[in-house]
Amino acid sequence: MRIIAGQHRGLTLASVGKGDAAAHLRPTSDRVRESLFSMLMGGRFGDPVTEARVLDLFAGTGALGLEALSRGAAHVTFVDDGRVAGKLLRENIAKCRAEGETRVVTRNATRLGETAEEPATLVFLDPPYGKKLGEKALAAALAGGWIAPGATIVWEENGPVAPPPGIQLRDTRRYGDTTISICEVQ
């Protein structure tokens, strides 16, 4: 895994190795990440990345949030409660020298609670596939004030998603066993 473009282009991220089967570590492949960011920044959605406040739910290794930071996002808050994920995430933040532009929240993404942070304008939602955790995490983030009105949500799953009321599905693309859905908070 590596950063595809921007300030940290080509930087190799920490290897998942054997990972943690219980944590369902499944990093977004370089190819899917490249396609995702091309879709996001291709004009149809404006430019939701530059100067964005990013919320990376089920962050895992942090590859999505760090890619956004490399491409001009202002700040990334990573949320993951996995022990192995936390170690890899902190290692990748250090590799990018991004400690000042990031925050790691070690918490279950489906039970976020209230935030005192400025709400996110770009959200990456990459839950374990097929467990309906994305819906729960999105509801928790909205209820806790983690997501700004008008925010762009990038939801990665193994099939189509059904956004809750107040979230509009804007585009869906399939890459092998991965479906990327772009949504917008109304």
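We did not get these values from a lab; they are worked out from the coordinates using the rules stated. Remember, predicted model here, so these are calculated numbers, not experimental data. Virtual Cβ from ideal backbone geometry, glycine too; neighbours counted across all protein chains shown.
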Next on the checklist: Could you derive backbone 3J(HN,Hα) for the stretch 129-143 from the dihedral phi with the Karplus parameters 6.51, -1.76 and 1.60 (θ = phi - 60°), listing whole Hz in sequence and x where the residue is Gly or Pro?
Outcome noted: 5, x, 10, 6, 6, x, 4, 5, 5, 5, 4, 5, 5, 5, 5
Item to check | Size of charge dipole - the stretch 29-185 - debye, nearest 20, with Cβ of Lys, Arg +1 and Asp, Glu -1, no other charges | outcome: 300 debye
Checklist outcome for this item: Which residues qualify? For VAL76, with a placed amide H closer than 5 Å and at least 5 residues away or on another chain, they are VAL54, THR102, ARG103
Item to check | Amide H partners (placed H, <5 Å) of ALA120, local residues excluded | outcome: ILE147, ALA148
Checklist outcome for this item: Its Cα gyration tensor gives the stretch 29-185 an equivalent ellipsoid whose semi-axes in whole Å, largest first, are 20, 18, 16
Item to check | ³J(HN,Hα) computed for each position of the stretch 97-103 - Karplus, 6.51 cos²θ - 1.76 cosθ + 1.60, integer Hz, glycine/proline x | outcome: 6, 10, 4, x, 10, 9, 9
Checklist outcome for this item: Projected onto the charge dipole of the stretch 50-134 (unit charges on the beta-carbon of Lys, Arg, Asp and Glu, signs +1, +1, -1, -1), the Cα from ALA116, VAL84, GLY65 with the largest positive-side position is that of VAL84
Checklist outcome for this item: Under the Karplus relation with 6.51, -1.76 and 1.60 and θ = phi - 60°, whole-Hz ³J(HN,Hα) for the stretch 46-59, x at Gly and Pro, equal x, 9, x, 9, 4, 6, 6, 9, 9, 10, 10, 8, 6, 4
Checklist outcome for this item: Semi-axes in Å, largest first, for the stretch 57-149 (Cα gyration tensor, √(5λ)) are 20, 16, 11
Next on the checklist: For the chain, give me the percentage of DSSP beta bridges that are antiparallel, rounded to the nearest 5 percent.
Outcome noted: 45 percent
Checklist entry - Calculated from DSSP H runs of 4 or more alone, at -39500 (n - 2.57) each and per residue, what is the 222 nm mean residue ellipticity of the chain, nearest 500? => result -7000 deg cm²/dmol
Next on the checklist: Could you list ASP126, ASP47 so that the one with the fewest beta carbons within 10 Å of its beta carbon is first and the one with the most is last?
Outcome noted: ASP47, ASP126
Checklist entry - If contacts are Cα pairs under 8 angstrom and at least 6 residues apart, what is the relative contact order of the stretch 29-185 in percent? => result 19 percent
Item to check | the stretch 37-104: trypsin sites (Lys or Arg not before Pro) falling in loop per DSSP and having at most 16 other Cβ within 10 Å | outcome: ARG44, ARG97
Checklist entry - For the stretch 125-186, what is the relative contact order in percent, using Cα pairs closer than 8 Å and at least 6 residues apart in sequence? => result 35 percent
